[in-house]
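Any read-out appearing in this document is the output of simple, stated calculations on the displayed coordinates, not a laboratory observation. Because the structure is a prediction, the values reported are computed rather than measured. Glycine gets a Cβ as well: all are built from the backbone with ideal geometry, and neighbour counts include every protein chain shown.
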Amino acid sequence: MSAFRPPKRWVLATDLDGTFLEGSRADRLRFYDWIENQRDRLILVFVTGRRWSRIEPLFDPRGSSAESDVPVPRPDFAIGDVGTTVFDGYGQPVEEIQKEIAARWNGANARVQNLLAGEPGLSTQRGELAYRVSYDYDPKLLRPAAIARLQAAGFDVIMSADRYLDVLPRGVSKGPTLQKLAKLQNWPGDRIVTAGDSLNDLSLLAAGYRAITMGNSEPKLLTVLGDRPTVYRSPYPGIWGIVDGLRHWQLGDPF
Ligand SMILES: [Mg+2]
């Protein structure tokens, strides 16, 4: 009698905006349906700049939230807030990782705001965030000295889309948090595929796993990434880019 061998599982760790959420309604329905049909062999991880309260409405089965006319599959894990939070699919923090990030941030919100007080070209994004401070910025007005001051004070700064500025605990971003989660969950690196489209995905796409960039990627992201054997540059945007990349990496053929 042959032993039961569970099918090998693989991990799709994908950005949301411009990536997993981008596509026509009909094709998103088809793609999400394919994803759901793969769930016994696929581990789905969202890796996003969004906070949990802006992730959860996407799963509404009626697809009735203002920005999601199609319900999005509930992931196994969600890394939110540009890598500073990590949850299971129901919004429960993964404490082993979350505690370490919280300790590294050490309640620095007010300290960051003081460091940037009076700086031109910054407007605070709405909402209190736990382990980061995020701004909208004006690239014509923001002074490089402001960034240097943050870095000297021990923070990491990620700017993306010529609009978003995230101040993060040093060493914490999308890629490192996915690496911590992979270690905790014992996911082999060669079973992980990442997907993203903007500069805040850089550490995710450069983490050494197989990666897919979208046809609608921020040009600066592609420049900084350069040519790497682990990165496949799809010419297609959003979900079509993911589909194309999954074919490229021989992980499935959704369409
Ligand atoms: Mg994106």
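Tabulated data for the structure shown
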{"quantity": "0 to 90° range, to nearest 10: angle between helix 25-37 axis and the chain longest Cα axis", "calculated": "70 degrees"}
{"quantity": "For ARG50, distant residues with modelled amide H under 5 Å away", "calculated": "ASP81, VAL82"}
{"quantity": "Proportion of all alpha-carbon pairs of the chain beyond 29 Å (%)", "calculated": "30 percent"}
{"quantity": "The chain - mean residue ellipticity at 222 nm from DSSP helices (-39,500 (n - 2.57) per run, n ≥ 4, rounded to 500)", "calculated": "-8500 deg cm²/dmol"}
{"quantity": "Nonlocal amide H pairs with VAL133, under 5 Å, H built at 1.01 Å", "calculated": "VAL167"}
{"quantity": "Projected label distance in nm at LEU29 and ASP136, using a 7 Å step from Cα toward the beta-carbon", "calculated": "3.4 nm"}
{"quantity": "Per-pair calculated FRET efficiency, R0 = 30 Å: GLN125 and LYS8 via Cβ, rounded to 0.05", "calculated": "0.15"}
{"quantity": "For the chain, share of DSSP beta bridges that run antiparallel, in % to the nearest 5", "calculated": "50 percent"}
{"quantity": "Long-range amide H partners of ARG233 with built H, under 5 Å", "calculated": "THR213"}
{"quantity": "Residue-wise HN-Hα coupling along the stretch 75-84, computed from phi with Karplus coefficients 6.51, -1.76, 1.60 (Hz; x: Gly, Pro)", "calculated": "x, 6, 9, 10, 8, x, 6, 6, x, 8"}
{"quantity": "Per-q log10 I(q)/I(0), the stretch 106-169, q = 0.14, 0.20 Å⁻¹ (Debye; single scatterer per alpha-carbon; no solvent)", "calculated": "-0.33, -0.72"}
{"quantity": "Between the stretch 130-164 and the stretch 77-101, the Cα center-to-center distance that results, in Å", "calculated": "23 Å"}
{"quantity": "For the stretch 134-229, fraction of C-alpha pairs farther apart than 18 Å, in %", "calculated": "52 percent"}
{"quantity": "About the Cα centre, charge dipole magnitude for the stretch 106-169 (Lys/Arg +1, Asp/Glu -1 at Cβ), debye", "calculated": "100 debye"}
{"quantity": "Selection of chymotrypsin sites (Phe, Trp or Tyr not before Pro), the stretch 86-140, meeting DSSP coil and at most 14 other Cβ within 10 Å", "calculated": "TYR90"}
